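Rule-based calculations on the coordinates, nothing more; no lab input. Quick caveat, the model's predicted, so the values are computed rather than measured. Cβ placement follows ideal geometry from the backbone for every residue including glycine, while neighbour counts extend to all protein chains displayed.
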Amino acid sequence: MVGGTALNGKLNNPSDGWLTERQWAIIQELSLTITSYKGIDQDFIQNIHKWKAVYLSQEPYNCPEWPWAQSLNSFQKLLLVIIIRPDKFIPGV
């Protein structure tokens, strides 16, 4: 996985340890660089319990708790799956 290597003004990781610093940096980088993910870092902060439900799900790509479900297409959701649950990327494809 590439990305999240250099951020200025980095926000604190809102998770209680389930999201690594590298994962959090990549999410922030997405928010800053890709229009369709603009503000997703703030959404993680505000809705961390929903994102944790996605993380804990056996099928995170189908999780009914998905924040931004209406804003992201399947490919865009899959990009987040590979960031927060890389072990579920292949089943998600």
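Quick notes on this one:
- Note on the chain: Lys pairs 8 or more places apart or on different chains, Cα atoms under 17 Å apart, count 6.
- Extended-chain gain in nm, criterion 0.36 nm per residue less alpha-carbon gap, Q76 and I34: 14.0 nm
- With contacts taken as Cα pairs under 8 Å and at least 6 residues apart, the stretch 3-93 reaches a relative contact order of 22 percent.
- Volume per residue that the Cα convex hull of the stretch 21-92 spans, once the total is divided by residue count, Å³: 83
- Potential extension, T20-A53 segment - 0.36 nm per residue separation minus Cα distance: 10.3 nm
- Simple point charges give the picture: +1 on the Cβ of Lys and Arg, -1 on the Cβ of Asp and Glu, and for the chain a dipole about the Cα centre of about 80 debye.
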